[in-house]
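Please read the structure below before turning to the comments.
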Amino acid sequence: MNHQEALTIQVFTLMDSLYEKGMDEVVISPGSRSTPLALAAEIHPHIKTYVHPDERSAAFFGLGLSKKNKRPVGLICTSGTAAANYTPAVAEAGLSHIPLIIMTSDRPAELRNIGAPQAIDQGDMYRNYVAYYTELPVAEGTQDYTGLIGAKVKQAGQYFTGTSLGPVHFNIPIREPLMPDLSRTDLFTRERIEVKEATIHYDVKPLNGNILVILGETDASLNHLEDVFSQPNVIVVADPRQHARIISDNVITAHDLIFSCLTDQQQDFINENLDYIIRVGEPLTSKLTNRFLGHSPVKQVLLSEFEVIKTFPVSPDEVYVGDIALTLNDLIGSGNDHKLKDWFINLDKEVRKYIDENIDSYNDEGRFMYEVLRRTGDDIIFASSSMPIRDVERYDTLSAKRIYANRGANGIDGVVSTAIAMAAKDKVTLVIGDIALYHDMNGLIMSKLNDIDINVVVFNNDGGGIFNFLPQYENKDHFERLFGTPLDLNFEYSAKLYDFTYSKIDSMDDLNDFKMPDSGRNIIEITTDRTDNLTSHQKLKSEIAQLVKRFDT
């Protein structure tokens, strides 16, 4: 067996075996050493490929392709720092349980650690973030590695579904010459295997009494549990990324404002009338709700979809792993005392009503977010980290949109790329700040190259607006340079560079005359002032605090 034949068999078998296990989309970043891998993916009859020249954005684009349905998505890059640029997205995928299949091409052993170009130590380079790592042998022609590759893919495949879901890494050293035999499509023979998700369900003893159910983000739909959520003894709080909040008026969504304002008497009322807290899925976005959970004396039970248990904000008393919908259904027992539930629901309605009735007196980012959420159709709202996800949580009084965000590592890198990848399959509006858009401006290229429609709403407050809400803001001597970081950017030029249409909104009058586009690639820049935004947010919070404190128990 000559070198080309061995190389062809290796990379074609790898690609076909990964397709068999569920991978049918691959994001390729151009490079020389990855030539055989890129060609294997490109000519595979059942794999859709995307080409992205920026590896950091490419990895987040792959993450976005997988984010909604958690199907395995492949990444291919050349050797050297190209592979290092995947790291932020791999970290996010690991923390968010997203099955990326990272295929990094590498120099063979004789070119490592001798100063050869484009060679770094790639062995297990994502060890802190991936669920599985392996390095394939060099295809030398002395041995048929088909069986070995099948075994390696089978090992990796256990992380493509179920309770161990997460990214995997194949490092693939390749010796020149790099061209495979493109006529060998006969090697693409495998058929897709529909893998049944391995889930765990326990014999559960129901909890009777008043139960506070905290719904974080989950992969599993909980919409069919509306009858359970409607029980008089069940109080349901939902993160903005939990889509079950859309199904019922029985779900509390103003919890961040409520828990930030409770009096001692109200805290005592809740603790005295609450028997259990059940936390479901990922930790919440709300810092104040997490603080409440961290200080609550009530017994807490955690339901996790994954074996990697996230105990934040406080270690639970009990943990169940696996089928969270079935477990939750069995865990919630009976109870007829609806006093606490009625108090929460009525207070939640009063908070949202107050925002609705008083929003016209504001002209800050919160007001703009309020309007944006009402001017989009059946879109997915992808909310960037920092202020956008928090403003979505506070100002989405309708709770009618499906909200997504990268909240594994909570970074601002890759937000644009993740959102555009989701827009390849759904109608998406991205809400983002100027720093985050600048950070992943390269990601806009995929909308142009693949004709992907998306609305990008950028709040431009000339810097990092969230830092105005933190203690650093009090140190005025160093704040602007180190934290405010004004960039003085005009995103009209970004729109021109990447062939987006551009609109600019400087006031509510501009927004009142503006219609959110139904299609196309659009950047809508909303200019705001960071200092005014802080003052307005604090004013609304203070007004809500008075409402909450006056609400009788």
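Taking other residues whose beta carbon is less than 14 angstrom from the beta carbon of Ser105, and scoring Lys, Arg as +1 and Asp, Glu as -1, yields 0. Extension gain for Lys448 to Thr263 (0.36 nm times residue separation, less C-alpha to C-alpha distance): 61.4 nm.
For the pair Lys339 and Ala116, the difference between a 0.36 nm per residue extended length and the Cα-Cα distance amounts to 73.1 nm.
Charged side chains reduced to their Cβ positions (Lys and Arg at +1, Asp and Glu at -1) give the chain a dipole of some 500 debye around its Cα centre.
Each of Cys261, Cys77 was scored by other Cβ atoms within 10 Å of its Cβ. Listed from fewest to most, they are Cys261, Cys77. Separation of the stretch 98-156 from the stretch 358-413 is 41 Å, based on Cα centroids. Our summary gives the stretch 57-125 a relative contact order of 36 percent, counting only alpha carbon pairs under 8 angstrom and 6 or more residues apart. Pairs with C-alpha atoms separated by more than 30 Å, drawn from the list Lys287/Lys549; Lys67/Lys448; Lys349/Lys425; Lys401/Lys515; Lys310/Lys549; Lys353/Lys448, are Lys349/Lys425; Lys310/Lys549; Lys353/Lys448.
If the segment from Glu474 to Thr49 were pulled out straight at 0.36 nm per residue, it would be longer than the present Cα-Cα gap by 148.1 nm.
Computed over the chain, the per-residue total of -39500 (n - 2.57) for DSSP H runs of n ≥ 4 gives a 222 nm mean residue ellipticity of -10500 deg cm²/dmol, rounded to 500.
Count Lys and Arg as plus one, Asp and Glu as minus one, and take only other residues whose Cβ is under 14 Å from that of Gln122; the net charge is then -1. The GluC sites (Glu not before Pro) of the stretch 86-177 that meet both conditions, a loop assignment by DSSP and at most 15 other Cβ atoms within 10 Å of the site Cβ, are Glu140.
Relative contact order for the chain: 13 percent, from Cα pairs under 8 Å spaced at least 6 residues apart, divided by residue count.
Read the figures in this text as sums done on the coordinates, not as results from a lab. Only a predicted model underlies this, so the values are computations on that prediction, with no experimental measurement involved. All Cβ positions, glycine included, derive from the backbone under ideal geometry; neighbour counts span all protein chains shown.
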